[in-house]
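First up is the structure itself, then whatever we jot down about it.
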Amino acid sequence: MADSVLSQDEIDSVVRNLRDASQPDSLKSVQPYDFRRPDRIAKDQLRSIHLLHENFGRSLASSLSAFLRAYTAVNLVSVEQLSFSEFTRCLPSPTCLVSLGLRPYEGGAVLELSHSLAFPIFEMLLGGTGKGSVKINREITEIEKSILDGLFRIVLQDLKTAWQAVTFIDFVVESHETEPALLQLLAPNEAVVAVSMELKVGEYSGLMNICIPSIIIKMLRQKFDQQWTVRKTHSSEAEHARTLKLVKSSIVAVEAKLNGPKLQLEDLLAMEVDDVLTFDYPVNREVDLLLNGTVKFAGGIAQSGNKRAFQITQHGSLDD
């Protein structure tokens, strides 16, 4: 049998057909991937972190108002996934930086407080009003760092309380820094979750940023899921108890009603002495008991001492 030889045109046609047939599937399976900015945690977990720090902000506002004796408002600005180098590049220089330990987990976090807040708070802690202070742009001294430790204890205590809904993390101050470029806590390309919060203390406002390694949050993925499931159950029970407490002292109109026949108004006006009105209601038939105009129970008329009473024989639903 003679060997058949394909021409160049036939070979090109076969290759072209194979390329056209495989191209749609290959395009569907290929997705762009940037190794510098990979997807680090799921979006639903990011939303959980957002809700967790909203609770932290509300608690911190109350704690700082009492600690500083000045009106304090805390608003969550953003929760983002960044690399550690991107986070440090976004920080001003100099600034107030604190390296945090995350016991019992390995690794560390960063808390940054802008100078626009640090120096007015520093003045308040020394007994001043914090009003009319000039803008200061210098590094914080060692004495000022030790005075601000009281503020950081309040912040970290509320942060630990907020995270206890997911897991126990003890945030501990390990060191102070003033230059973001000198932070060697994490690798530059390591993924982190950056939480940015706006603090308003009196007439001053500024940002407080918290940086947590994404690897810690990914380790807690299952605990995040359990936390929101349990929270949903507990919230409904707590809400039920709170609602019941609110309505316990309410006044409810109770009425036992005989559903007899209807009568025209002209017949009612024409009634005279000795007329008999037939209700057509059997003696053994149950009477409806209405709560605020809604039928909730059924029963019969009874006597309790010298008073008429209502004996419940059938329970209705109180959910309506």
Exercise for review: For segment 62-78, take each phi angle, set θ = phi - 60°, evaluate the Karplus expression 6.51 cos²θ - 1.76 cosθ + 1.60, and give the result in whole Hz per residue in order, putting x for glycine and proline.
Suggested key: 5, 5, 6, 4, 6, 6, 8, 6, 8, 4, 10, 10, 10, 10, 6, 8, 7
Review point. Amide H to amide H under 5 Å from Ala298: which residues, 5+ apart in sequence or cross-chain, H placed 1.01 Å off N in plane?
Key: Leu289, Thr313, Gln314, Gly316
Exercise for review: Please list 210-216, 199-205 highest first by mean number of surrounding beta-carbon atoms within 10 Å per residue.
Suggested key: 210-216, 199-205
Revision key, fill the gap. Two pseudo-spin positions, 7 Å from Cα along C-beta at Val273 and at Ala309, lie apart in nanometres by 3.8 nm
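Filter Lys245/Lys296; Lys43/Lys135; Lys160/Lys200; Lys200/Lys245 down to the pairs with a C-alpha to C-alpha distance above 29 Å, please.
Lys43/Lys135; Lys200/Lys245
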Check your understanding: What chymotrypsin sites (Phe, Trp or Tyr not before Pro) in segment 107-173 are in a loop by DSSP, with at most 14 other Cβ atoms within 10 Å of the Cβ?
Key -> Phe168
**Study point:** Interchain or long-range residues, amide H under 5 Å from Glu177's placed H
**Key:** Leu97, Val98, Ser99
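Can you tell me how much longer the chain between Ser250 and Asp149 gets when fully stretched, taken as 0.36 nm per residue apart minus their C-alpha distance, in nm with one decimal?
That pair, Ser250 and Asp149, stretches by 31.4 nm at full extension.
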Review point. Counting only residues 5 or more places away or on other chains, whose amide H sits under 5 Å from the amide H of Val77 once H atoms are built in the peptide plane?
Key: Ser196, Met197, Glu198
Practice item. State, to one decimal in nm, how far the label point of Phe168 lies from the label point of Leu291, with both points 7 Å from Cα in the Cβ direction. Key: 4.3 nm
Check your understanding: Dividing the alpha-carbon Rg of segment 43-219 by 2.2 N^0.38 Å yields what?
Key -> 0.98
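A short reminder: the numbers here are calculations on the coordinates, not readings from a lab. As the structure is a computational prediction, the values presented were derived from the model and not from experiment. Here Cβ is always computed from backbone atoms with ideal geometry, including for glycine, and neighbour counts include all displayed protein chains.
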